[in-house]
1. Taking the options A:Ile69, A:Ile31, A:Ile114, name whichever one is in contact (Cβ under 8 Å) with a residue 24 or more places away in the chain, β-branched (Val, Ile, Thr) and open to solvent by less than 10 Å² (accessible area, probe 1.4 Å).
2. Please go through the stretch A:130-174 and pick out each residue that is open to solvent by 30 Å² or more (accessible area, probe 1.4 Å), among the aromatic types (Phe, Trp, Tyr) and closer than 30 Å to B:Cys80 by Cα.
3. Might you check whether a residue that is more than 14 Å from every other protein chain (Cβ to nearest Cβ), in a helix (DSSP H, G or I), open to solvent by less than 30 Å² (accessible area, probe 1.4 Å) and out of contact with any Cys (no Cβ under 9 Å at 6 or more places or on another chain) occurs anywhere in the stretch A:220-232?
4. Can you find a residue in the stretch B:140-161 that is in contact with a Ser or Thr (Cβ under 8 Å, 6 or more places away or on another chain) and either open to solvent by 30 Å² or more (accessible area, probe 1.4 Å) or facing another protein chain (nearest Cβ under 9 Å) (or both)?
5. Every residue in the stretch A:337-354 that is part of a helix (DSSP H, G or I) and surrounded by fewer than 22 Cβ atoms within 10 Å (Cβ to Cβ), please.
6. With respect to A:Gly46, is the statement that it is out of contact with any helix residue (DSSP H, G or I) (no Cβ under 7 Å at 6 or more places or on another chain) and within 14 Å of another protein chain (Cβ to nearest Cβ) true?
7. Quick check on my filter: what residues within the stretch B:19-49 are under 12 Å from B:Asn160 (Cβ atoms) and open to solvent by less than 30 Å² (accessible area, probe 1.4 Å)?
8. Scan the stretch B:177-206 for residues that are exposed (fewer than 14 other Cβ atoms within 10 Å of the Cβ) and touching a Leu at 6+ places or on another chain (Cβ under 7 Å) and report the count.
Amino acid sequence: MNKDDKEAVLFKPVEKTGRGFYLVVAGLVLILAWAAYAYSRQIVDGLDVTGLNRPVYWGLYITNFVFFIGISHAGTLVSAILRVFGAEWRRPITRAAEAITVFALVLGTGNIMIDMGRPDRLLNIIRYGRFQSPLVWDVTSLTVYLTASLTYLYLPLIPDLAILRDRPGLSPWRRWLYTKLSIGWQGTEEQKHRLERLIGIMAVLIIPIAVSVHTVVSWVFAMTVQPMWHSTIFGPYFVIGAIFSGIATLIIVMVILRRAFNLYAYITDQHFSNLGLLLMIFAFLWAYFTFSEYLTEFYGNEPAGMRVLFAKLVEEFSLMFWAMWLFNFILPFILLSNRRTRTVTGTVVTSILVNVGMWLERYNIVVPTLTRPRLPSPITSYTPTWVEWSVLVGSFAVFAMLYVLFSKLFPIVSIWEVREGEEIAAGGVVAGHHAEAGAD
Amino acid sequence: MPHWGMVIDLDRCVACQACSAACRAENNVSFAGPEETALGRAIYWQEVLAEVDGEYPNVRGTFIPRPCMHCENPPCVRVCPVGATYQNEEGLVLQRYERCIGCRYCMVACPYAVRYFNWRAPEWAEGMERYQNPDVPIRPKGVVEKCTFCTHRLPVPACNQACPGNARFFGDLEDPDSVVSQLARSPRAFRLLEDLGTEPKVYYLREGA
C-alpha cells in the first residue's frame, strides 16, 4: 500500500459524507431536543424541577461538572505530557485527545451554568467577582484552561488546514474556511520552526494549567468545613482521578474513531496496550488516594465525618460506593494486569467501567456529605428527577455532536504529525526536530 | 455602632414555634405546602430544631430555636463568588438578592444550614398577598435568602417580639451593660458548633437552671 492509499483514510471523513453521518447526527439531534426541553422546564419553573432540596443543595449537575472537567485531562496527558517526554506513539491520537479536552470543558462549564439559580446573572462573576471565593478561582482557571486548550488544539491544526486547503475538489465554503483558518501556512522552514516552538511552549504551559484546574475544582469542596469534604488530600486526589477518567475516555473515543473511520493503520493495538498499562497505573494511584482518604477518616473517629463515612460504606450509598471500587480498581486490576485480557476489547471494557466508576466517585463525594449535616435536618435524601438525568444524557449527546462535527470538518488524526513521525522513524531530520531514540 | 447579638433561654422556650411563624409573616417568606415541604423546599428563616435521644421511657427531647447565627467569621461570606452575601458594620450577615446568582455555595458552606433557596417563584395562598410586609423585599426565583435579624425593624426582631415565654433577648454585644452581653457571659451560655471557629452571635442558655 503506498502512502497516498494509506493516507486516503485520513481524508475520507472530511471529504465524503455517508449515510452513517446523517443517522448519527439525526439521533443526536433527537436526544439534544429532549434535553433542551428538560432544561426549558427548569428555566420556566426554577430548580424546583430537580430533586435538589435542603440540605442536598448540590447533586447531579455538580457531579457532572466535576466529571466532565475530569475527563478534560485526557488531552493534556496525551498531547502535552507525552510530547514533552518525546513519546512518538502519541502522534496519531494527539488531536483526538485535545478535542476531548475542549469539548469536555464545554460540558463542564455548561453543567455549572445549568446548576445556577440565576444564569441570566452570569456576568456578575466578572462584575463583582471576589478573589477570595474558590468558585472564582474555578472560573479563572477554567477560562485560562479553555483558552489554552483551544490554542493548543488550533496550533497543530494549522498545517493540516493548509493540506486540506490545497486538496482538489473542495466546495467553495470549505476552501474559504480552510484558507482563512490556515492563516497563510506554506510549510516554509521558518514557519515550521516557529510553529514547533509555539507548540512546545504551549505543551509545557498547559500541564500546570491543567493541574491547577482540577485542583481548584476540588478546593470548592475542600475549602468548606463540611465533613469528608474538608480534606487536604483533595487537590492531588482530584487531579489523579481526572487523568484516570481522561485516559479511559481517550481509549473509548479511540476505539470508536478507529472503527468509524477505518484508522487501523494509525491507531494500533499497541496504542491500546500502552494506554491500558497507563490506565492500570492510574487505577492503583486512584485506589491509593481513596484508601488513604477513607482510612484517615475512619481512624479520626470524628462524629460528623463518621456519619458521612458510614453513609457511604454501609448505608444508602453503599451500593454506589462498592460499585465504584469494583469498577475503578478491582475489575481494572483483573483485566489489565493479565496480558491475555489486556486486549483492545479488554481495555475498552475496562475504560467504560472506569468512566462509570469515576462518575459514581464524583457523586459519592458531592451527595453523601450533604445528606448528613451537623445539625438535625428533617430531610436526608436526594433523588434526581428526569430533568437532571436528561441533562446528563444530553451532555453526552452534546459531547458526541461536537466530536462528530469536528471530525467532519477537520482530520481527527494529525496528518502532518504522522508524516513527520514516519520521516523520523525512517531516520530523517525535520526542521527543529531530530530522530529520537524512543520512537514507539 | 451596635454589634447585634441574640440570646435564647432554653429553660423558658417551650418550642411553640411562635418565633418561626412570626418571622415568616414579617419577612414575606413564601408558602410551601405539604408536598413541597416533604421535598425539603420549605423556607424557615427561623426554625426550631428538634432532637430526641434515647429509648422510651428514658427519652430526652431537645428543642433549639435556630435563626441565622450571624457569625463573626462567616464561612458563607468567604465563599460567595459575587459578594451577594456580605457582613455589614453592625455585624449582620446580609444578602443582596439582586446580585445573587443562585450558585448555592453559601448554603453548602454554612455548617448550621440556616440558608434557604427559592427553588421556584414565591407563592402565597389565595388572599394572603394582602398581608405582605411592605418593608421587606419579595425575593425572586433562583436566589438565596435567610434570617436578617430583622434589620428593617431593629432593635427588636419579629421572633423576639412574638415569643410568649420571654425566652429571647436581643441587643448590642459590645455594650457590656446590655442584657445580651450579660447573659452571654453567663455560665449557662453556650453556642452551637463552637469549635468550628465561626464565632456565632446567637447564644443559648443551657436548660436545667
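1. Working: A:Ile31 fails: open to solvent by less than 10 Å² (accessible area, probe 1.4 Å); A:Ile114 fails: open to solvent by less than 10 Å² (accessible area, probe 1.4 Å).
After applying the criteria, what remains is A:Ile69.
2. A:Phe131, A:Trp137
3. Going residue by residue through the stretch A:220-232, those that are more than 14 Å from every other protein chain (Cβ to nearest Cβ) are A:231-232.
Narrowing further to those that are in a helix (DSSP H, G or I): none.
There is no residue in the stretch A:220-232 that is more than 14 Å from every other protein chain (Cβ to nearest Cβ), in a helix (DSSP H, G or I), open to solvent by less than 30 Å² (accessible area, probe 1.4 Å) and out of contact with any Cys (no Cβ under 9 Å at 6 or more places or on another chain).
4. Taking the stretch B:140-161 as the starting set, the residues that turn out to be in contact with a Ser or Thr (Cβ under 8 Å, 6 or more places away or on another chain) are B:144, B:159.
This time we only want the ones that are either open to solvent by 30 Å² or more (accessible area, probe 1.4 Å) or facing another protein chain (nearest Cβ under 9 Å) (or both), so: B:144.
Scanning the stretch B:140-161 turns up at least one residue that is in contact with a Ser or Thr (Cβ under 8 Å, 6 or more places away or on another chain) and either open to solvent by 30 Å² or more (accessible area, probe 1.4 Å) or facing another protein chain (nearest Cβ under 9 Å) (or both).
5. At the first step, the residues of the stretch A:337-354 found to be part of a helix (DSSP H, G or I) are A:337, A:344-354.
Within the stretch A:337-354, A:Ser337, A:Val344, A:Thr345, A:Gly346, A:Val348, A:Val349, A:Ile352, A:Leu353 qualify.
6. Numbers: out of contact with any helix residue (DSSP H, G or I) (no Cβ under 7 Å at 6 or more places or on another chain): yes; within 14 Å of another protein chain (Cβ to nearest Cβ): yes.
For A:Gly46, the condition - out of contact with any helix residue (DSSP H, G or I) (no Cβ under 7 Å at 6 or more places or on another chain) and within 14 Å of another protein chain (Cβ to nearest Cβ) - is met.
7. Of the residues in the stretch B:19-49, the ones under 12 Å from B:Asn160 (Cβ atoms) are B:19, B:22-23, B:26, B:46.
Residues satisfying the conditions are B:Cys19, B:Ala22, B:Cys23, B:Gln46.
8. Of the residues in the stretch B:177-206, 1 are exposed (fewer than 14 other Cβ atoms within 10 Å of the Cβ) and touching a Leu at 6+ places or on another chain (Cβ under 7 Å).
The values are calculated or read from the model by the stated rules, or taken from the named source; none is laboratory data. Not measured: the values here are computed from a predicted model. Cβ atoms come from the backbone with ideal geometry, glycine included; neighbour counts cover every protein chain shown. What goes into the accessible areas is simple: the full protein's heavy atoms, side chains included, and nothing from ligands, DNA or RNA. Shrake-Rupley method; radii C 1.70, N 1.55, O 1.52, S 1.80 Å.
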